[in-house]
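Contents: one structure, followed by commentary.
Please treat every number below as a calculation from the coordinates, not as lab data. On a predicted model such as this, the values are computed, not experimentally measured, just so you know. Methodologically, a virtual Cβ is constructed for each residue, glycine included, from the backbone with ideal geometry; neighbour enumeration extends over all protein chains shown.
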Amino acid sequence: MRWLAVAAMVLTVAGCQSAYYGAMEKVGVHKRDILVDRVDDARDAQADAQEEFKSALQRLDEMLQLDGGEIEAQYNKLNDDYEASKAAAERVYDRIEAIDSVAQDLFDEWADELDEYSNESLRRQSERSLRETQRRYASLLQSMERAAATMDPVLDKLQDNVLYLKHNLNAAAVDAIRGEYRSLQTDVAELIEEMEVAIAESDAFIQAMQEGRE
């Protein structure tokens, strides 16, 4: 019974997806356009995540400068920054999943339509274009996933610090997490670097896809 329920759910999702694509095509928006839009959204989500993580690191740095009285207020701000960073990371993962969904549907459709050509020269050109687009996409996806993976250790360390401070709001607790700051700083620097690479790859992919439309 469980497998029947799963199968029904898959068919329902697939049906909704097909209906969505059909509705978009009726207004002149095709899978290629949807893919570009989703890559653009993911690029923005990555840029937002960068800022949220930098903000959390800055907040922790400010907290380490305190002597005592303002620790609780600063902790509350740090916790807010941690929650914002966590939400930003979830948006990045969601955007990557959305990109891969439409990309695979686009490539499947493209490959199927190669058999519909009567002109062999045009078919070969289209096939080369498909392979090149798949190559660029694979590079983009790898870059995005690598950048996304750098968020996990930062979130883990932020969570540890926030949880520790939550139950130990005093100067001694602040001193205890001081040694973690350098490690966190290194992780955030790596995150930002990987995000920059992924954002640049996104820009290049979008440009290539748009040029292919001209």
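Among TYR164, TYR20, TYR181, the residue with the largest mean-square fluctuation in a Gaussian network model of the chain, with springs joining Cα atoms closer than 10 Å, is TYR20.
Structure remark: mean-square fluctuation, Gaussian network model of the chain, C-alpha springs under 10 Å; the largest value among ASN119, ASN170, ASN161 belongs to ASN119.
Note on mean projected area of the Cα convex hull in nm²: of the candidates (i) 11.3; (ii) 16.1; (iii) 13.5, the value calculated from this structure sits at (ii).
Note on ASP41 and LYS54: the model spin-label points, each 7 Å out from Cα along the C-beta direction, lie 2.5 nm apart. When the chain is treated as a GNM with alpha-carbon contacts under 10 Å, the residue of LYS26, LYS157, LYS166 showing the greatest mean-square fluctuation is LYS26.
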